[in-house]
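Novice: Quick one: this structure, given as structure tokens, is what I'll be asking you about.
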Amino acid sequence: MKILVVGGGGREHAIIKALKKSPDCTEIWCAPGNGGIACDAICKDIKATDVDAMVAFAAEEKFDYVVVAQDDPLALGMVDELAKVGIPAFGPDKAAARIEASKVFSKNLMQKYGIPTAGYAVFDDPASVMDYIRSQGKYPVVIKADGLALGKGVLICENEAEAEAGVREIMLDKKFGASGNNVVVEEFLTGPEVSVLAFTDGKTLKPMVSSMDHKRAGDNDTGLNTGGMGTVAPNPYYTPAMAERCMEEIFLPTIRAMQEEGCPFHGCLYFGLMLTPNGPKVIEYNCRFGDPETQVVLPLLESDLLKIMRATTDETLADVEVKFSNGAAACVILASGGYPVAYEKNKEIEGLENGQLAQPMDGVTVYHSGTAQKDGKLVTAGGRVLGVSATAADLPAALKKAYAACETIRFEKMHKRTDIGARALKALEAQNV
């Protein structure tokens, strides 16, 4: 099969690496791709959000299957448009993608179908938001832009002044554009966070191995929120008993709710969960693979990813095996200095050959997020530059390997967290006592 993957980050690189293992994958392209992805796929410089150009290109090149990996093109209806020209795709249609593209839609869905989530209220008027927050008098409070905001439209406000600044930023200054026309105000939940990605064909749901993301830029969860500075899998807080509970109380009810609403979900549904003292609750849904969760989940997948993806499209997932190894994986993000605020690009990356470690290490893969080829050299081209992932028999070994691999890579002002997986290791120790 000739396959096109839409996107150009670490998640897409991980998807491509996994798809290439399938005996049915004969040719793989990526649009727009990046400098490192170019070592594994043929890259075509088309913006992921340019639906018309992407669909025209897919038809012209006669792709057998398209994987729409990014949230924006899914929300814009790329899967619907591909279907119109007879090309099957992985991912939800526009109606189902609303589960991520509109916080208002997803919160109302959960309320209607009794799916556990934080208490909330929806507003389209800035003054009313502050009246409500003052009347509640509870801090911290969470304010979310309704629409897509590159993963940055969620503010945790510790006091009234921060809440006012947040409302101003989202609704008046329009920092996230039209995404901030409506906001959701939520109660603040506490407990361990868990990410669970799941394959679904609209009826059957098969979860992947759980993972734990590290959002803050600095060690000990300090600094600004980022797109994710690293991940580990599996998440030790997500016990078999908790997995069973989430399946019954959250996963299957969500799939049934989407069917009831006339927009069955096909593709990868991401559940961002908080394990609160009152049980598991949904913080957010994503309508696609997470980044950098994909960089630890897919290296543990033992089944054929292409076969699974096609089954989500064909509604035959019940007949396909989805198997993960019993090992563990860790991913450490190497970022540009200054990220997630201002950072410089075009810094030469040393320690790699053909996109991977110049001195290969068993079980280590380098996924490229923000890289480019310039004058025959690999350079930085984004805030998050590389994801260094390692698999091993257990989490301590995977972390040790990932960090050892990071030591062999260099670029000017390179920044990484040194404590990825520390909380997970503590949880494992506590469970083994």
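Novice: Of all residues in segment 338-362, count the ones that are modelled with pLDDT under 95 and either crowded, with 17+ Cβ neighbours inside 10 Å or assigned to a strand (DSSP E or B) (or both).
Specialist: So the count comes out to 1.
Novice: Okay, moving on. In segment 288-343, what residues are in contact (Cβ under 8 Å) with a residue 24 or more places away in the chain, more than 19 Å from Asn225 (Cα to Cα) and acidic (Asp, Glu)?
Specialist: Residues satisfying the conditions are Asp304, Asp314, Glu315.
Novice: Which count do you get for residues in segment 161-207 that are open to solvent by 40 Å² or more (accessible area, probe 1.4 Å) and within 30 Å of Ile308 (Cβ to Cβ)?
Specialist: 4
Novice: Next question. Give all pairs with beta carbons closer than 7 Å in which a residue from segment 421-433 that is touching a residue at least 24 places away in the same chain (Cβ under 8 Å) meets a residue that is polar (S, T, N, Q) and not in a helix (DSSP H, G or I); count only pairs at least 6 apart in sequence or on separate chains.
Specialist: Ala424/Asn235
Novice: Please find, among Ala83, Ala121, the residue that is in contact with a strand residue (DSSP E or B) (Cβ under 8 Å, 6 or more places away or on another chain), among the small types (Gly, Ala, Ser) and free of Cβ contacts under 8 Å to residues at least 40 places away in the same chain.
Specialist: Numbers: Ala121 fails: free of Cβ contacts under 8 Å to residues at least 40 places away in the same chain.
Exactly one residue qualifies, and that residue is Ala83.
Novice: While we're here: Which of the residues spanning segment 336-385 are polar (S, T, N, Q), out of contact with any Lys or Arg (no Cβ under 7 Å at 6 or more places or on another chain) and on the phi < 0 side of the Ramachandran plot? I'd like the intermediate steps shown before the answer.
Specialist: Our first condition is that a residue be polar (S, T, N, Q); within segment 336-385, this holds for 336, 346, 354, 356, 359, 365, 369, 371, 373, 380.
When the remaining residues are screened for being out of contact with any Lys or Arg (no Cβ under 7 Å at 6 or more places or on another chain), the result is 354, 356, 359, 371, 373.
Matches in segment 336-385: Gln356, Gln359, Thr371, Gln373.
Novice: On to the next question. Within segment 128-146, which residues are open to solvent by less than 30 Å² (accessible area, probe 1.4 Å) and either touching a residue at least 60 places away in the same chain (Cβ under 8 Å) or not in a loop (DSSP other than H, G, I, E, B) (or both)? Can you show your working first?
Specialist: First pass over segment 128-146, keeping only residues open to solvent by less than 30 Å² (accessible area, probe 1.4 Å): 129-130, 133, 141-146.
Residues satisfying the conditions are Val129, Met130, Ile133, Val141, Val142, Ile143, Lys144, Ala145.
Novice: So in segment 368-380, with the set limited to residues that are farther than 20 Å from Ile16 by Cα and either open to solvent by less than 10 Å² (accessible area, probe 1.4 Å) or of a type in the set (A, V, I, L, M, F, W, C) (or both), which one is farthest from the chain's Cα centre (by Cα)? Break it down stepwise before answering.
Specialist: Taking segment 368-380 as the starting set, the residues that turn out to be farther than 20 Å from Ile16 by Cα are 374-377, 379-380.
From what's left, either open to solvent by less than 10 Å² (accessible area, probe 1.4 Å) or of a type in the set (A, V, I, L, M, F, W, C) (or both): 379-380.
On the way: Val379: 24, Thr380: 21 Å.
Ranking the candidates gives Val379 first.
Novice: Within segment 38-50, work out how many residues are open to solvent by less than 60 Å² (accessible area, probe 1.4 Å), out of contact with any Gly (no Cβ under 7 Å at 6 or more places or on another chain) and not in a loop (DSSP other than H, G, I, E, B).
Specialist: Counting residues in segment 38-50 that are open to solvent by less than 60 Å² (accessible area, probe 1.4 Å), out of contact with any Gly (no Cβ under 7 Å at 6 or more places or on another chain) and not in a loop (DSSP other than H, G, I, E, B) gives 1.
Novice: So which residues in segment 308-364 are of a type in the set (A, V, I, L, M) and more than 18 Å from Leu298 (Cβ to Cβ)?
Specialist: Ala318, Leu334, Ala335, Val341, Ala342, Ile349, Leu352, Leu357, Ala358, Met361
Novice: So Ile409 fits all but one of (1) over 24 Å from the mean Cα position of the chain (by Cα); (2) open to solvent by 20 Å² or more (accessible area, probe 1.4 Å); what number is the exception?
Specialist: Here Ile409 meets the rest and fails (2).
Novice: Another one. Pairs needed: first member in segment 243-257, within 14 Å of Lys203 (Cα to Cα); second member anywhere, assigned to a helix (DSSP H, G or I); C-beta distance under 6 Å; at least 6 residues apart or different chains.
Specialist: Pro253/Tyr113; Ala257/Leu109; Ala257/Tyr113
Novice: Continuing with this model, one more query. Exactly one of these conditions fails for Glu261: (1) closer than 29 Å to Ile156 by Cα; (2) in contact (Cβ under 8 Å) with a residue 60 or more places away in the chain. Give me its number.
Specialist: (1)
Novice: Give the residues of segment 216-238 that are within 14 Å of Tyr339 (Cβ to Cβ), open to solvent by 10 Å² or more (accessible area, probe 1.4 Å) and in contact with an Asp or Glu (Cβ under 8 Å, 6 or more places away or on another chain), sorted by residue number.
Specialist: Gly227
Novice: Moving on. Taking segment 366-395 on its own, how many of its residues are more than 19 Å from Gly227 (Cβ to Cβ) and not in a loop (DSSP other than H, G, I, E, B)?
Specialist: As a first pass, look at segment 366-395 and keep what is more than 19 Å from Gly227 (Cβ to Cβ): 373-379, 390-395.
Retained after the next criterion (residues that are not in a loop (DSSP other than H, G, I, E, B)): 373-374, 377-379, 390-392, 395.
Residues in segment 366-395 being more than 19 Å from Gly227 (Cβ to Cβ) and not in a loop (DSSP other than H, G, I, E, B): 9 in total.
Novice: Considering each residue of segment 95-127, count those that are among the charged types (D, E, K, R) and either in contact with a Pro (Cβ under 6 Å, 6 or more places away or on another chain) or surrounded by fewer than 18 Cβ atoms within 10 Å (Cβ to Cβ) (or both), and give that number.
Specialist: Let us first name the residues in segment 95-127 that are among the charged types (D, E, K, R), namely 98, 100, 103, 107, 112, 124-125.
From what's left, either in contact with a Pro (Cβ under 6 Å, 6 or more places away or on another chain) or surrounded by fewer than 18 Cβ atoms within 10 Å (Cβ to Cβ) (or both): 112, 124-125.
Number of matching residues: 3.
Novice: Being part of a helix (DSSP H, G or I), open to solvent by 10 Å² or more (accessible area, probe 1.4 Å) and of a type in the set (A, V, I, L, M, F, W, C) is the filter here, so list the residues in segment 2-26 that pass it. So that I can check it myself, show each step before the final result.
Specialist: Just the residues of segment 2-26 that are part of a helix (DSSP H, G or I), to begin with: 10-19.
Filter once more, so that each one left must be open to solvent by 10 Å² or more (accessible area, probe 1.4 Å): 11, 17-18.
Passing the criteria: only Ala18.
The values are calculated or read from the model by the stated rules, or taken from the named source; none is laboratory data. Just so you know, these numbers come straight off a predicted model, no measurement behind them. Quick reminder, even Gly has a Cβ in these numbers, built from the backbone with ideal geometry, and neighbours come from all protein chains shown. Areas reflect the complete protein model, heavy atoms only, side chains present, ligands, DNA and RNA absent. Shrake-Rupley method; radii C 1.70, N 1.55, O 1.52, S 1.80 Å.
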